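First the structure, in the form of structure tokens, and then the observations on it.
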Amino acid sequence: MSSSCRRPANVFIGLAALALSAAPLLRAQATQYPNQPPLLVGAAWYPEQWPESQWDQDLDRMEAAHIDLVRVGEFAWSTMEPSEGHYDFGWLDRAIAAAAHHHICVVLGTPTAAPPAWLTTKYPQTLRVDENGRRAEHGNRQQFSFTDPKYRQFAHDIAEQMAIHFGHNPDVVGWQLDNEYAEPDFGPTAREQFHAWLQKKYGTIASLNRHWATAYWSQTYDNFDEIPVRQDRENPALLLEWKRFVSDTWKSYSENQIAAIRPHADPRQFITTNTMGWFDGFNEYTVHSVLDIAAWDDYISTDQYDYIDNGARHDLARGFKMKNFWVMETEPAFVNWRPTNNPLLKGQVRDMAWQAIGHGADAVEYWQWRSAPNGQEEYHGVLVGADGTPVPVYAEVQQVGEEFAKAGPAIAGTSPHSEVALVNDYDSRWAIDFQRHSAAFDPVNEIVAFYRPLREQSQAVDIISIDTPFDRYKVLELPALNVISQQTADRLMEYVRNGGHLLLGPRTGMKDEYNALQPERQPGPLMSFLGGRVDQFYALDSSVPVSGDFGSGTASIWAEQLSVQSPDTKVETRYGRSNGWLDDQPAVITRNVGRGSITYVGAWLDPATLSKLTAHLLDEAGVQPILSGVPEGVEVCRRSGDGKSVLILINHNSDPAQVALPKPMRDLIGSQASVNSVDLPGFGVAVLAPER
Ligand code: GAL
């Protein structure tokens, strides 16, 4: 069957570009299917909410906005399976065909985040139980139990029926499993499975008692089934294992649906799920190990768009599969779930779309296309109102669509590449979160504090798991690798011996894999390699002066009193007068090892001091920015591959900015063919390629 949803290739990209987008050149692309536009714009569309007579008008307007893709089906279980075992996919067939008629492809969502009322009424055990023993009710979503075998069976069956029906549909390009996994279950099946999981891992209860040090507070267990199921106020070892169990359970929850879909689906159809940035309910690397691509929902995390924070979350998502990814949802100017749902400023929707591409997205999809006639999200941002006619932001998305189509061929097959990496480690984030010691020590804020100057100065950062090979990076930062195994320590020492520059942030190396204290002081198994250690940590209620090689500044929230044990370990920064304990004590120490170095930063430093420290580290490691002399607030992203290199410049300021280029370049979305310098209006974007 030939595909009808893709626009004829030349409408998008022209003949020259077609040659460039031949199969082997598409390696970096997150997904691949015939004539795929290299950059896609999409929207979440809920045809089940509207009379069929209105679909065509919706799709017409989507096509006019250059929308290439709709995600449909997630949450539509009661329409797909109106009663047990009776499936109705006719409406979905017609919706997909209608979309294809408008050159719009489809991502199908399995509807398992919203079980129908008949299911949970007849089988109440499929409803999740919260930590306080309360069972969820119908009426919202995510009310299911992720461990319940009956629910797994229903989820498998609906996914399988969908795959049998749509697995070879040429207009279906991929699958989204469920929607934003989040809520674990604490009910009887979860408890049983947690105990079995622990038994498999520890073998004997004696081994568990030893690693968890359960003599403490008389926690000693005689049997696995005595172990409580909690996510708070418990032994730190139990809390960490619970999170790992939850991660494995979401993984098997995914595998259950993948096993239903894969045998019936064309290999070109990808399988993913949509995730939520820094959300730490489970280990994303564990879950992504069974998915084809990463896809995340980009809603800004505060009332104002902080482009560095948002960029970090893109880099995080790229690191889930170490390749390009999709933005499966993003806001069309505003959402409905913040305390104040103020809109993005005019121009920032386009700014965010290009930022996503700059960080390695190949698709940006808006949530949602049209206001639902009723339901919990009536106030949410959309592209067309309940009447089906465009709201003001529609025009901005239309511009994004036009620009993606124009610049797409030059970007096809490219990805961001970085010489520096920063580690995101769920075990460590959880371990810190369980016992913050200072409420202000938010592990994500701390990661972003280290990311900020690294991104500003190097203009390209990978955010990776601790299991990723380090050898491709000149600089590796572990903002707070609280939990460390001997094997990881060995890999890190090897990295430094081979010339890598390693930076460890405060709280690194305190715990072993069981969340028990390391027998040595921090940084545990790296202590003698560093030639220094943490003598004591302190939570700070006010800032403390620091001074040294990076000038004078302050530390706040957290400060560790360091000491030096080796003659070649150098003190770079010291605390000034503060609580007496810290006065004149080392705050940052470093040791050169061959061509590499290991640096321990014991404090949460102010941004200016951390920025100078970062500059020093990058300089030592020989990392250059992609483009120098760029005004503040202008972001530089580079995607390269297949002999191509494209620069994306985004002015995140509301005022204009000018960027000088080292040599003339073609602006792929601007009006001038060749430019020596770029004038960016407020929230302006330029997409630049070398001259031919
Ligand atoms: C997402 C969710 C969508 C929609 C959106 C609103 O978290 O996946 O279904 O609710 O939020 O911002």
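Can you tell me which condition GLY277 does not meet? The list is (1) within 16 Å of the ligand (Cβ to nearest atom); (2) among the small types (Gly, Ala, Ser); (3) in contact (Cβ under 8 Å) with a residue 60 or more places away in the chain, and all the others hold.
Only one criterion is unmet by GLY277, namely (3).
Search the range 301-338 for residues being within 16 Å of the ligand (Cβ to nearest atom) and of a type in the set (D, E, K, R), and hand back the single one that is farthest from LEU177 (Cα to Cα).
Restricting to residues being within 16 Å of the ligand (Cβ to nearest atom) and of a type in the set (D, E, K, R), the top hit is ASP303.
Considering each residue of the range 26-68, count those that are within 16 Å of the ligand (Cβ to nearest atom) and of a type outside the set (Asp, Glu), and give that number.
Qualifying residue count for the region: 7.
Out of the residues in the range 342-372 that are in contact (Cβ under 8 Å) with a residue 40 or more places away in the chain and among the polar types (S, T, N, Q), which is farthest from the ligand (Cβ to nearest atom)?
Among those residues, the one meeting the criterion is GLN355.
Taking helices (runs of 4 or more DSSP H) that do not extend beyond the range 435-548, which have at least 3 residues that are in contact with a helix residue (DSSP H, G or I) (Cβ under 8 Å, 6 or more places away or on another chain) and surrounded by 15 or more Cβ atoms within 10 Å (Cβ to Cβ)?
Helices (runs of 4 or more DSSP H) meeting the threshold: 443-458, 486-497.
I want to confirm something. Restricting to the range 373-383 and keeping residues that are surrounded by fewer than 18 Cβ atoms within 10 Å (Cβ to Cβ) and near the ligand (Cβ under 10 Å from one of its atoms), which single residue is farthest from TYR299 (Cα to Cα)?
Step by step, filter the range 373-383, then rank; the result is GLY375.
Could you list, in sequence order, all residues of the range 80-111 that are within 16 Å of the ligand (Cβ to nearest atom) and touching a helix residue (DSSP H, G or I) at 6+ places or on another chain (Cβ under 7 Å)?
Result: LEU108, THR110, PRO111.
Among the residues of the range 378-392, is there at least one that is within 27 Å of LYS644 (Cβ to Cβ) and not hydroxyl-bearing (Ser, Thr, Tyr)?
no
Within the range 589-619, which residues are closer than 21 Å to ARG491 by Cα and surrounded by fewer than 18 Cβ atoms within 10 Å (Cβ to Cβ)?
Within the range 589-619, ASN592, GLY594, ARG595 qualify.
When only residues in the range 384-416 that are out of contact with any strand residue (DSSP E or B) (no Cβ under 6 Å at 6 or more places or on another chain) and in a loop (DSSP other than H, G, I, E, B) count, which is farthest from the ligand (Cβ to nearest atom)?
Within the range 384-416, the match that is farthest from the ligand (Cβ to nearest atom) is ALA412.
Rule-based calculations on the coordinates, nothing more; no lab input. All values derive from a computational prediction rather than experimental measurement. Quick reminder, even Gly has a Cβ in these numbers, built from the backbone with ideal geometry, and neighbours come from all protein chains shown.
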